[in-house]
Structure formats: C-alpha cells, structure tokens
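See structure below.
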C-alpha cells in the first residue's frame, strides 16, 4: 500500500500542479492574486494537488511508524 499510495499521490499532485500553473494565465488578464487563489481553491482539479500531497505524507508516515516499531522490538540495538 505504501508504494501504491506514493505513486497515486505523486500522480494526483502533478496533475493538480499542472492545472495550477495553467491557471496562472488568469493573472495576466487582470485577476488579482486574491481572486486567483479564490478561483483555484474552488476547482476540483487544483484540489488534487493538496489531496496528492496528503496521500504521500500519509503513505510515508505509516512506513516510518513500522520502521520505528521494528527497531524498538529488535534484540540487537544498533
């Protein structure tokens, strides 16, 4: 699940980031930065970036907890 979570999270984050970069063209046609942030916060494809980053963090967090548990319960401390 860890590898699948990282791959899926990376895919979602890269798609979301691509759309955020594409929507930066709105700044050149007169949108203020506040209007731009409001616009991308309502778009589902831009929210994929946040969901992807969250999925990557959660995937790594589970593996870190498992490694720490294994080190603690091991007979041989390094």
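The values are calculated or read from the model by the stated rules, or taken from the named source; none is laboratory data. The shown structure was predicted, so the numbers you read here are calculated from the model rather than taken from an experiment. Virtual Cβ from ideal backbone geometry, glycine too; neighbours counted across all protein chains shown.
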Looking for something touching a residue at least 24 places away in the same chain (Cβ under 8 Å), under 11 Å from the mean Cα position of the chain (by Cα) and assigned to a helix (DSSP H, G or I) - is there at least one such residue anywhere in region 33-45? no
Does residue 72 satisfy the criteria of being part of a helix (DSSP H, G or I), surrounded by 10 or more Cβ atoms within 10 Å (Cβ to Cβ) and modelled with pLDDT under 90? no
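From the list 27, 8, 58, which residue is surrounded by 11 or more Cβ atoms within 10 Å (Cβ to Cβ), at pLDDT 90 or above and in contact with a helix residue (DSSP H, G or I) (Cβ under 8 Å, 6 or more places away or on another chain)? First the steps, then the outcome.
Working: 27 fails: at pLDDT 90 or above; 58 fails: at pLDDT 90 or above.
Being surrounded by 11 or more Cβ atoms within 10 Å (Cβ to Cβ), at pLDDT 90 or above and in contact with a helix residue (DSSP H, G or I) (Cβ under 8 Å, 6 or more places away or on another chain) holds for just one of 27, 8, 58, which is 8.
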Go through region 1-11 and report how many residues are assigned to a helix (DSSP H, G or I) and either farther than 13 Å from residue 57 by Cα or in contact (Cβ under 8 Å) with a residue 60 or more places away in the chain (or both). 2
